[in-house]
Amino acid sequence: MRKLLVANRGEIAVRIIRAARELGISTVAVYSEADQDALHVRLADERVLIGPPAASRSYLNMDAVVTAAVDLGADAVHPGYGFLSERAEFADRVTGAKLLFVGPSAETIRLMGDKARARSAAEEAGVPTVPGSDGPVDGLSQALAAAEKAGYPVAVKAAAGGGGRGIRIVADATELAEALPVAQAEAQAAFGSGLVYIERFVPNARHIEVQVFGDGENFVHLGERECSMQRRRQKVLEEAGAPGLPDHVRTAMADAAVALAKVSGYSGAGTVEFLYDSASEGFYFIEMNTRIQVEHPVTEMVTGRDLVREQLTVASGDPLSFCQADIEFRGHAIEVRLNAENPDFGFMPSPGVLSAMRMPGGPFVRIDSGFGPGSEVSPFYDSLLAKIIVWGDSRRAAIARMARTLDEVEIEGVVTTAGFLREVIDIEEFRDGRYHTTFLEDWMTGTRNGGGK
């Protein structure tokens, strides 16, 4: 790999460009008209405009991205996360143009992108799955039968969905009858497929994911991440490792994730997501994300492994540079997602120009961002300003360091979630590691002890 086109923007594009530069790989940035002065554009060795601000006409334009890669002589494309990263058609187009795709094969992306097929693959690998339908349900009668077998409440999920989207929770058969056609229509509109399936809904569950890596022949895990601090099923904060997780569950979950990677012949970085029921100590497969995750830095902090660098070397044809026995875990890491949003107005996006941006520093503090003073936060894309990641030799030390770093954030020109995140860090249940996927929303509405907003 000599020249890499980065088919993304923002902090992940910056992250990839930096990893490539350390390997001696030149980089090409693609950008929309809204991003012409963006940091990733300035850092790359070459840059090419691929369209107007709307993502559908720029960062999601497969023809423009592949054409740019060919025209500028790139020999590889890294999709980052989001946008085209889990589009099998894009992987096919990249390889069809005789370029390396930094990620798993298109077939693996298709397999894991279809939640029903992914569930079947998990069952083949002996990975526990949530009770539910064997695949997409064909009509109300099948949905009702699957729900009755699984036990209410159940979740109606889009087969082609992901990232916490395309999910409806129903408490009984009457609600299911009402929700099914709505869920199918929403799935069709959002994902291009109206297929849905039924799963038992596990109340007060934790969302824990395992980082896996493979080169097609060798497969390892790099530990788990706790991702249960969520708002509207979107992650707010992540930890490595998961607090209070019994060792036997941690081991079984990691083994299950590696087994699924083997079944799919996985190559590159992937994440296997699980629901964990603390009451029964049972865990269930949710989905596999066939890309680098937003929260990958916490895994890098506790393992000392550069996951993006490993993505690039494996995509180049090299075997994994480490085996399972080489991976050691040290201390604890926490990441928060600092967004340009107004928590006092329903987390409404707050676009604008950053007239000032002073980010925290100090030992074991990492800032991943695509912005700096004078940058414009565009209304056309997500509102992520920066990821703040800290490491400590214990969870308590990491929490103290995160509290200190959030106190140092100074941003002018847009409203941010820094103050909200600082409040979250102080929640007693968070500090004690006693939270689940609906905890934060309950806390915000004051239905949990500990207050609300």
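This table checks each residue for (1) touching a residue at least 60 places away in the same chain (Cβ under 8 Å); (2) surrounded by fewer than 17 Cβ atoms within 10 Å (Cβ to Cβ); (3) not assigned by TED's automatic domain parsing to the domain that holds Leu312.
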position	(1), (2), (3)
Ala19	yes, no, yes
Leu23	yes, yes, yes
Asp63	no, yes, yes
Pro79	yes, no, yes
Phe83	yes, no, yes
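If you take just the strands (runs of 3 or more DSSP E) that sit entirely in region 280-369, which of them hold at least 1 residues that are in contact with a Leu (Cβ under 6 Å, 6 or more places away or on another chain) and either crowded, with 17+ Cβ neighbours inside 10 Å or at pLDDT 95 or above (or both)?
Answer list for region 280-369: 282-289, 332-339.
If a residue must be modelled with pLDDT under 95, crowded, with 19+ Cβ neighbours inside 10 Å and either part of a helix (DSSP H, G or I) or hydroxyl-bearing (Ser, Thr, Tyr) (or both), how many such residues does region 183-235 contain?
Count: 5.
Answer yes or no as to whether Gly51 is outside the structural domain of Gln293 (by TED's automatic domain parsing), without any contact (Cβ under 8 Å) to a residue 60 or more places away in the chain, at positive phi and surrounded by fewer than 24 Cβ atoms within 10 Å (Cβ to Cβ).
Spelling it out, Gly51 is indeed outside the structural domain of Gln293 (by TED's automatic domain parsing), without any contact (Cβ under 8 Å) to a residue 60 or more places away in the chain, at positive phi and surrounded by fewer than 24 Cβ atoms within 10 Å (Cβ to Cβ).
When Val249 is evaluated against the numbered criteria (1) surrounded by fewer than 22 Cβ atoms within 10 Å (Cβ to Cβ); (2) in a loop (DSSP other than H, G, I, E, B); (3) in contact (Cβ under 8 Å) with a residue 24 or more places away in the chain, which criterion, by number, is the only one it fails?
(2)
What number of residues within region 39-81 satisfy the criterion of being touching a Lys or Arg at 6+ places or on another chain (Cβ under 7 Å) and among the polar types (S, T, N, Q)?
Residues flagged as touching a Lys or Arg at 6+ places or on another chain (Cβ under 7 Å) and among the polar types (S, T, N, Q) within region 39-81 amount to 0.
Assess whether Glu287 counts as being farther than 22 Å from Gly161 by Cβ, touching a Lys or Arg at 6+ places or on another chain (Cβ under 9 Å) and not hydrophobic (A, V, I, L, M, F, W, C).
No; evaluated as a whole, the condition is false for this residue.
Determine whether Val30 is buried (at least 21 other Cβ atoms within 10 Å of the Cβ), of a type in the set (A, V, I, L, M, F, W, C), assigned to a strand (DSSP E or B) and in contact with a strand residue (DSSP E or B) (Cβ under 6 Å, 6 or more places away or on another chain).
yes
List every residue pair whose Cβ atoms sit under 7 Å apart, with the two residues 6 or more apart in sequence or on different chains, where the first one lies in region 278-292 and is of a type in the set (Asp, Glu) and the second, anywhere, is surrounded by 16 or more Cβ atoms within 10 Å (Cβ to Cβ) and part of a loop (DSSP other than H, G, I, E, B).
Qualifying pairs under 7 Å: Glu287/Gly162.
How many residues are in a helix (DSSP H, G or I) and within 21 Å of Val212 (Cα to Cα) when one looks only at region 77-90?
Number of matching residues: 1.
Do we find a residue being at positive phi and either surrounded by fewer than 21 Cβ atoms within 10 Å (Cβ to Cβ) or in a helix (DSSP H, G or I) (or both) anywhere in region 380-400?
no
Being over 22 Å from the mean Cα position of the chain (by Cα), aliphatic (A, V, I, L, M) and closer than 21 Å to Ala205 by Cα narrows it down to one of Val127, Val170, Val94, so name that one.
It is Val170.
I'm told Glu89 meets every condition in (1) touching a strand residue (DSSP E or B) at 6+ places or on another chain (Cβ under 8 Å); (2) not assigned by TED's automatic domain parsing to the domain that holds Ala187 except one. Can you identify the failing condition by its number?
Unmet for Glu89, out of (1) touching a strand residue (DSSP E or B) at 6+ places or on another chain (Cβ under 8 Å); (2) not assigned by TED's automatic domain parsing to the domain that holds Ala187: (1).
The values are calculated or read from the model by the stated rules, or taken from the named source; none is laboratory data. From a predicted model like this one, the values you see are computed outputs, not experimental measurements. As a convention, Cβ positions derive from the backbone with ideal geometry for all residues, glycine included, and neighbour counts pool all protein chains shown.
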